[in-house]
Structure formats: structure tokens, C-alpha cells
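Encoded as C-alpha cells, the structure appears first; notes follow it.
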Number of protein chains: 2
Amino acid sequence: MTDSKLEKVAGNGLLNRRHLLGLGLAGAGSIASSALLGADSALKLEIPAWSQQPGPGTSGYGSRSRFTEDMQRATGNSNPLYPGGGASRSPLQLLQGTITPNSLHFERHHSGIPDIDPAQHKLVINGLVKQPLVFSYEDLLKYPMVSKIYFLECSGNSGSGYGANAVNGTAQSLHGLVSCAEWTGVLLSTLLDEAGVEPEAQWVSAVGADAASMGRSVPLNKAMDDVLIALFQNGEPVRPAQGYPMRLFVPGWEGNISVKWLTQLKLTREASQFRDETSKYTDTLPNRKSLQFTFPMGTKSLITSPSGQMSLNRQGIYQVTGIAWSGSGSIRRVEVSADGGRSWADAMIESHQSDKALARFRIPWEWSGGDAILQSRATDSQGNVQPTRNTLIDERGSINFYHFHGIQSWAINTAGEVSNVFA
Amino acid sequence: MTDSKLEKVAGNGLLNRRHLLGLGLAGAGSIASSALLGADSALKLEIPAWSQQPGPGTSGYGSRSRFTEDMQRATGNSNPLYPGGGASRSPLQLLQGTITPNSLHFERHHSGIPDIDPAQHKLVINGLVKQPLVFSYEDLLKYPMVSKIYFLECSGNSGSGYGANAVNGTAQSLHGLVSCAEWTGVLLSTLLDEAGVEPEAQWVSAVGADAASMGRSVPLNKAMDDVLIALFQNGEPVRPAQGYPMRLFVPGWEGNISVKWLTQLKLTREASQFRDETSKYTDTLPNRKSLQFTFPMGTKSLITSPSGQMSLNRQGIYQVTGIAWSGSGSIRRVEVSADGGRSWADAMIESHQSDKALARFRIPWEWSGGDAILQSRATDSQGNVQPTRNTLIDERGSINFYHFHGIQSWAINTAGEVSNVFA
């Protein structure tokens, strides 16, 4: 299987990313023997049933293949004291590219999904403004909008990384609270300018119309920067599970602050100290004090294939691929290691590299049947480098549950089984 | 409604695009009176029923709001002699941003949608190659992939523009055979390099597994450039209506050549003269000769709002928005006219500006209640400028049906009704 023309660029089989394109990867696929084919005989292959008669025609609203219906978000909440609460996780190891289809975008609800009639819904802007304002959904549709591709990540994503023992899980179960979409909406600054912000206002308190009245405080300087009132996701109206008819969208920051079913924005001098910024979504340090308002999500990456609970069924060349993102900019570099971080090689970033969006990386790797530990390490446009788990815990301690963005390690054993490890 | 601070930049009410952001658009929305609100009384507004109890929790595969279910593709084929044939058109006037959700991506089938089991499907590469090859779906998943945002447009899109009379239609019914997605797949060049192309090969003949055996010939130099074997669309596997489990994707070229349900690629000296490159998809000139293999889609734009069959119900400021694209590069400029092309103003492009992808433009316009004709004109990164309908017909004649990319004119009358006109 080894091809002497392939340039090794780091330990334990990592190959130069230029080998992704062009010659040298014949061994990557299990390419069938040409013995099946006589000269130019392909059309004599058996004609499958589906080619022998016309199929159904077009439809108003499409659906996916019956062969892909097992591609599902992982849902979980069986707590009767928490009706409608819980999260669902995107099947990251089954997706490709960077855009998450709306039906598979992760969810996190605190009291379920309200069934909002957009004709009855109101958005109020009040507090320290010159002119309190009320907007209907139809009003907002008349405003200028912008369209941006942004990731969204729950700050509890990957939280088990702080634990004492590595959980036996998949990319989905461990890290599936991150997704990415094209979000279209009205810049919050447009509406705040219209209301007229009083000089003493420093925070914008956002409240949702769900039964939990989810509330979060946004610093005014962020609110005036890139925050959206998102009305569309991947071209269509934002769905109920994502905040229909409108959600606050705070690019790059922990998902909880992008308040769904947005119904009030109140300008205040101080943060509102909502339940979800005191009892939750704070980072508890080893001295038992908690950091509050640690908003931006860290520079992070994740190998989605091979990943936890997969298995390698042959020696040879594999495409290592994954996603990378940063709450502080775009992804400039992703490195991959196959020897647990002793040596690193640059992966190819083969998608767009937009600000605060997922990027997709890829690098070829030759598995020779021995033990290996695959890791990826992202660097963003601000020079932030994804830390190891140990570095992160040295800095933040391990009582915390939020904002885990340490390097993920996937161990491959000699049987080809892939598992989550702390390394 | 007129605000003297607003800078007029072209005739009949077009305003400087900088007014899209920031002050000056208070008149744009029908903003409710603040009389509804006492000081800080927003929380005393009536609490809607959906805020009073928890809603349903997360789900494995999401769906949209019941209030948006009328957002459908327009389908059409009632010809019993053409089973499974026909097209469905994207509801362009209801979408925002640039990404089309997979359920609303346009379709065009010649004998319906085959129900393909990916485990049984094969892709053959043969003809003038050193080594004929057969790939399963699983084989292809092991190959390196790239992820790109590309538009796809049927070459018959907007074809009624060649007619003698302007059809009374909508953006969807007239132009809905264009959509845009993130496509992820294996570069065709990777597979052709592996098979080894013989020096005399000049074309790649692609054949689908539908009952029509849709076939198209692709010039080798394009095949070796940016053509994909697309396996994923917006992150999830390509759906049956788009070619599951695999389609050829030929960026920027007429949609028909992106052969769905791809099952054979044969390297040949000459084009194969398939049915769909002789009887269809040729451009008939006034002298009754036809141009064949006119592949790239033209530089084009379209105002989606206001657009055909909408009506303006008040005087004042509107957000004119639409989409622009080019088969030859990225969109660099979109101009808008409100006086039928006598004067033009630059619109703001407020999305990404990727190669061969939709871009979203927007400009504010003040309607004073008089007659107006709204037009948009795109310029791409190669300097190609979208022609007027008259220029296009002068060059190509009007017998042709394909590749219409002339400027679209929407007339607004004094009653505010918007209609398709030739101007």
C-alpha cells in the first residue's frame, strides 16, 4: 500500500496535503478490478430496476433519500421536571462541507419550542432609549438585511472534556452542539439607531417569548457591531426550533446569548443578571469564584472522520477531515497530528474561510495498523491557537463545564477501533 | 415621508446604498406608535398563549413553521406522454440570502426521480483511459473532497424573455430555475488522473441512471478544472431529486450538463451528440442554424422584491433586493435603475461574493406613487455586463429559448401593482 512517491510530513503516516489532489491516492479507495469490464463494455453491466422505468416527478417541498433517514440529531431529555428542556446534537461525523442543513442544526431549549403566530408576535425596544419602539414581523421584513455564514455553538459543547475520564462517545455525542448556517437579518444597530440609545446605556437585555422567558444581557458595543435580528436561515424563514419568527444572533459568542423567539430588547446601565447568566453559563474557577460574561467561543477544531466509535477496516490511506472555527475571526490554519501531538502537519482548508464560520479541513494519512492518536489544532486570524486539554485545565481548572475548546484526541488501536481519549 | 438628508443617487427615487445602514430609514417600516408603551411597560403587554406553557422539545429531524408551509416550489408537468418529466421552480421572491434550502432547490427531470440504493449503484469510468475503473458510493466517500458554494441554473430559465409579449408572472414562475448551495464532492480530475486519460481523449461523456439515460458531453479541459462528483449538498447527502447518490456538478455551466444519478463517464475523441445536446439545449440563430455547446450561464441579476404580482401598499422607502450570478466568475457590481434604465445607482452587495455563486444585493428606493420601472444590471469579475433584452435579442435573435440573461424589467403603476414588462 505504501507508495514511495508520497511525501511524509509528520510522524506516524501523515502525508503532504498536496497528495489530496492528483496522483498517488489509488490505494485510498477500494477500487474494483477492471476485470469486471471488457473493453468499452460498461453499458452491458446489468441495468438496475430504477433505470428501467420513469420515477416520480417534481414536488413542492422536497425530502431526502429513504437511505439517509438514519441521519438524525441525537436528542435527549427525559426529565419530567424540565418539560421541553434539553438539547439535540448534529451528526457531525456524517456531514460534509460547512453548512448544516436546517433540519439537522443543533437545538437547545429551556422550555421547549413555542408555536408562535408571526402576525401576533411583537418585538419591543425600550429602556434607555429616546423613543421606545414596537415592531411586528412584517415591519422587520421591510428593513435592510445582511446575509452572513456563521457558526453557532452552545457554550456547554464538549463539556465532558473537563471530566476526569474520557467519555466513550462520538463526534456527535461529544461535540454535536455546533452547527453553521447562512443567517440573514436586520442589523441590531439599525434598530437601536432608530430608537436612539441614551448615553448612559451600556447593555441590551434580550428576552425570548418561550415559557422560560430566556434572557441574556449583551454589551452595547457588541450590539452595535455585528449582532443581527435573524429572520432567515439558509434562505428560508428561521424555523421554530431556531427562534421563529425572529432570534437575536450574536456572531461568535456562546449560543445561549442568541436569544430565540426574541420579544424584548431593553437598554440598561447594568447587565440584567438573568437566571441564565448567574446560575448557568458562568465559568467556575478552582477558587470557586466564577467568571461571568465570558462570551466568545474559543478557537477550536475537531476531526470528524475518523472519529469516536468508527473503525478502520483496512490498512492504507485515509482522508482525515474535520471542522474548525473561532469566535474571534476566521480560521487561518489547521494542523493535524497522528502521534498524539509530538509532530504536526498542515491540513488543507478546502472550504470558504469566512469570519466566525465553520471551515472544513482535510489531510491524507496512511495507517500502517499500529496504535495512533489523531489530533487537530486550529489557529485563527487573530493568532489564537487551540490549546491542549491540559493547558486549558491548567488555566481554567476543571470545575468548569463551559467553553471547552481543548484539542480532541482520537485513539486508534491495532484493531482499528477509534475512541475518545485524553492525551 | 421624504427626508431631505437622504441622498438621491439616480432618477425616480433611488437612494445612496449607505442609507441601508444607520439613520434615515425610520420611514421604511410601519413602526408602531409608542403610545402602546408606558414607560418601561413592555412586560405588561398581553402575554401570548405560547409564552404561558412549555412547548414540545427537540427532535431528530426538524421541520419548518406551520405558518411558512405555503412556501413551495411551483411544480408543473401534466403531460402523460412525458412521465416524470418537468420542472419545479424555487420561490425566489420569498427567500433571502444566497443559500437555497435543499427542500426548495429547483428541479428538472427528464423521466422522474430514480429510487437508487447506494449500495447497488456503480460509477464506471471507461473509454480512452489507461485503466477502466468502477467505483461504489463507499469507494467515493474515501476520496478527498472539496466544498464550494455554487449556483445552478437551468439553461431554459427565464426563456420567456425571448417571447413577443411579456408573460404575467412572478420571480418564481419566470426565473425560478436557479438555486444555490454548498456542494461537496470529489474533483473529477482526481478520478480521471487515476484512470489515466489517453492523449487523444477530448471529451468526457456523462450518463445518468434515470430511465431517460440523460447524457451530456463535457470538454476535457473543463472536466480537469473544477468539475465535481457531488456527494453532499448543504452538508447532507445529495437528495434523490438532485441526483442521489452522486451527480456530476459542472460549476457555472447550464444545469442540464450536471448529470444527476451519474453512472458512467466515458472518455472520447468527439462529443457524443446525445439527445439533449442536439434536440435540446442548443441556441437556434435567426438563420436557423444552431449553436451547440454554449455552456456557461451568462452574467445575470434579478430583483426579487419588489417583483411580479406583488403590490406596494404605501408610498415611501422600500428595500429593493435581489440576486446576481455569473457562470464566468464572481459578481463585482450590481446597479439598479428605477426609471427603466435611463439612470443607474450602485446597489450594496451584502453577502459573500464567491466564484459562480449567487450574491445578494440591496438598495433603498423611495416610491412617490408614480409610474416606475425597476431594473438591475450585474457585472462580473471578468468585466461581463448583463445585457438589455434588446441587445441580447439583437445578438442572438428570438427563435432561441435557452440562456436568456437579459435585464428584467418590473413595472410599478400608480396603484402600486408590480408586473413583468419588456422595456
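FYI, it's all coordinate maths here, none of it is from the lab. Computed from a predicted model, the values in this text were never measured in an experiment. Please note: Cβ atoms are built from the backbone with ideal geometry, for glycine as well, and neighbour counts cover all protein chains shown.
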Cα to Cα, under 30 Å, and not fewer than 8 places away if on the same chain: which lysines meet these conditions relative to B:K280? A:K44, B:K122, B:K148, B:K222, B:K260, B:K266, B:K289, B:K300, B:K356
Within 10 Å of each Cβ in B:130-137, how many Cβ atoms from other chains are there, averaged over the peptide? 5
Convert each backbone phi in region B:118-124 into a coupling constant with the Karplus relation 6.51 cos²θ - 1.76 cosθ + 1.60 (shift: θ = phi - 60°), then list the ³J(HN,Hα) values in order as whole Hz, x for Gly and Pro. x, 5, 9, 7, 10, 10, 9
Backbone HN-Hα couplings from phi across region B:234-249 [Karplus 6.51/-1.76/1.60, Hz, Gly and Pro as x]: 6, x, 9, x, 3, 7, x, 5, 10, x, 3, x, 7, 10, 6, 10
Under the convention of a label 7 Å out along Cα→Cβ, give the distances in nm from A:D115 to the same position in every other copy, shortest first. 3.2
Within 10 Å of the Cβ of an average residue in A:142-153, the count of other chain Cβ atoms is 6
Which one, B:H403, B:M348, B:N420, projects farthest toward the positive side of the charge dipole computed for region B:348-423 from Cβ point charges (K/R +1, D/E -1)? B:H403
GNM on chain B, Cα springs under 10 Å; top mean-square fluctuation among B:D355, B:D139, B:D210 goes to B:D139
Efficiency by 1/(1 + (r/R0)^6): what FRET value for B:R275 and A:Q52, r their Cβ-Cβ distance, R0 = 25 Å, to the nearest 0.05? 0.90
Under the Karplus relation 6.51 cos²θ - 1.76 cosθ + 1.60, θ = phi - 60°, what is the ordered set of whole-Hz ³J(HN,Hα) values for region B:347-355, x standing for Gly and Pro? 7, 8, 8, 10, 10, 4, 10, 8, 4
Treating the point 7 Å from Cα along Cα-beta-carbon as the label, what are the nm separations from A:S328 to the other copies, to one decimal? 4.4
If you put +1 on each Lys and Arg Cβ and -1 on each Asp and Glu Cβ, how big is the dipole of the protein assembly as shown around its Cα centre, in Debye rounded to 20? 100
At B:D346, with labels set 7 Å past Cα in the Cβ direction, how many nm apart are the copies from this one, shortest first? 3.4
Per residue of A:184-197, how many C-beta atoms from partner chains lie within 10 Å of its own C-beta, taken as a mean? 3
For chain A, modelled as a Gaussian network with Cα springs under 10 Å, which listed residue fluctuates most, A:S381, A:S65, A:S78? A:S65
Cβ-placed point charges (K, R +1; D, E -1), dipole of region A:300-421 about Cα centre in debye, nearest 20: 220
Using the Cα centre as the reference, give the magnitude of the dipole from point charges on the C-beta atoms of chain B (Lys, Arg: +1; Asp, Glu: -1; all else neutral), rounded to the nearest 20 debye. 380
